Amino acid sequence: MAEKKNTKWKDWEKKRRRIKGRLKIGSQPRFVIYRSNKNLFAQVIDDVKGHTIISVSTLDKALSDLLSKAKGNIEKGKIIGKVLGEKAKTEKVDRVIFDRNGYKYHGVIKAIAESSKKAGLNF
């Protein structure tokens, strides 16, 4: 019996490439979310210039007081989204392309997206 050659990682990479192919990269800055087992990362990237405009994560020392009060990852996601939205206002970024990076729009990913919308980002 043949072994399955696709792993969870390869399936995720395939989905991620498919999603990124549909995005209109370069027309606007891209709002990317990455979720590891322990931390959350969100950043706004200018693909034309090839640099990161804004980045926020659960590892930021400036956010450690706020994040320590959060009870779960969804609350941490709301804090990260709010902070990223506020930083985007100061950098004069108002419209972005949302890149969920192959994750379902559910739970933490949804919390980050919704709170950044409330803070002023438009998708």
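Within region 98-107, is even one residue part of a helix (DSSP H, G or I), without any contact (Cβ under 8 Å) to a residue 12 or more places away in the chain and farther than 20 Å from Gln28 by Cα? If you could, list the steps in order and put the result at the bottom.
Step one: filter region 98-107 for residues part of a helix (DSSP H, G or I), giving none.
Checking region 98-107: not a single residue is part of a helix (DSSP H, G or I), without any contact (Cβ under 8 Å) to a residue 12 or more places away in the chain and farther than 20 Å from Gln28 by Cα.
Residues are listed down the side, and each one gets a yes or a no for (1) buried (at least 16 other Cβ atoms within 10 Å of the Cβ); (2) hydrophobic (A, V, I, L, M, F, W, C):
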{"site": "Thr58", "(1), (2)": "yes, no"}
{"site": "Lys71", "(1), (2)": "no, no"}
{"site": "Ile109", "(1), (2)": "yes, yes"}
{"site": "Ser115", "(1), (2)": "yes, no"}
{"site": "Phe123", "(1), (2)": "no, yes"}
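Checked across region 72-86, the condition of being part of a loop (DSSP other than H, G, I, E, B), within 20 Å of Lys110 (Cβ to Cβ), more than 12 Å from the chain's Cα centre (by Cα) and free of Cβ contacts under 8 Å to residues at least 24 places away in the same chain holds for at least one residue. Taking the numbered list (1) surrounded by 10 or more Cβ atoms within 10 Å (Cβ to Cβ); (2) out of contact with any helix residue (DSSP H, G or I) (no Cβ under 8 Å at 6 or more places or on another chain) in turn, Gly50 passes all entries but (1).
Per-residue answers, yes or no, for (1) among the hydrophobic types (A, V, I, L, M, F, W, C); (2) touching a residue at least 24 places away in the same chain (Cβ under 8 Å); (3) part of a strand (DSSP E or B):
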site: Trp12; (1), (2), (3): yes, yes, no
site: Ile19; (1), (2), (3): yes, yes, no
site: Val32; (1), (2), (3): yes, yes, yes
site: Val44; (1), (2), (3): yes, yes, yes
site: Thr52; (1), (2), (3): no, no, yes
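Looking at Val108, Val83, Val56, just one residue is β-branched (Val, Ile, Thr), touching a strand residue (DSSP E or B) at 6+ places or on another chain (Cβ under 9 Å), at pLDDT 95 or above and under 25 Å from Lys10 (Cα atoms), and that residue is Val108.
The values are calculated or read from the model by the stated rules, or taken from the named source; none is laboratory data. Everything numeric here is computed off the predicted structure, so don't read it as measured data. Quick reminder, even Gly has a Cβ in these numbers, built from the backbone with ideal geometry, and neighbours come from all protein chains shown.
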